[in-house]
1. Suppose the filter is outside any loop (DSSP other than H, G, I, E, B) and modelled with pLDDT under 90; does residue 39 pass it?
2. The conditions are (1) modelled with pLDDT of 85 or more; (2) surrounded by 14 or more Cβ atoms within 10 Å (Cβ to Cβ); (3) touching a strand residue (DSSP E or B) at 6+ places or on another chain (Cβ under 9 Å), and residue 49 fails exactly one of them. Which is it?
3. Check the stretch 33-43 and report whether any residue there is surrounded by 11 or more Cβ atoms within 10 Å (Cβ to Cβ) and touching a helix residue (DSSP H, G or I) at 6+ places or on another chain (Cβ under 8 Å).
4. Do the conditions hold for residue 12, that is, is it over 20 Å from residue 59 (Cβ atoms), within 16 Å of the chain's Cα centre (by Cα) and exposed (fewer than 11 other Cβ atoms within 10 Å of the Cβ)?
């Protein structure tokens with residue numbers, strides 16, 4: 001049985017998203033992180049620079065990572081792309097249907 005304690009979610013407005021998760025669902029702010037742009041671009045299959053900021057919120061033992069891309073045009077409509085985690089045994093993620 002797999003146990004999940006962390007999930008990342010791309011958001012268009014960090015402040016609004018944080019307010020929702022804290023006020024409605026009871027999450028608490030943990031910390032902010034500005035990851036290296038080149039590594040983040042490779043992981044997310046996007047072109048650098050991304051202007052990435054991640055805010056981590058917690059609820060009990062669960063961690064929610066709110067990811068925001070500040071660079072213009074980075075946040076676009078969903079498209080099918082392989083997630084580059086196959087070396088860890090995770091199959092590519094594809095949209096159903």
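The values are calculated or read from the model by the stated rules, or taken from the named source; none is laboratory data. For clarity, every value in this text was computed on a predicted model and none was experimentally measured. Note: ideal-geometry Cβ built from the backbone for every residue, glycine included; neighbour counts use all protein chains shown.
1. Spelling it out, residue 39 is indeed outside any loop (DSSP other than H, G, I, E, B) and modelled with pLDDT under 90.
2. The failed condition is (3).
3. No, the stretch 33-43 contains no residue that is surrounded by 11 or more Cβ atoms within 10 Å (Cβ to Cβ) and touching a helix residue (DSSP H, G or I) at 6+ places or on another chain (Cβ under 8 Å).
4. Yes, satisfied.
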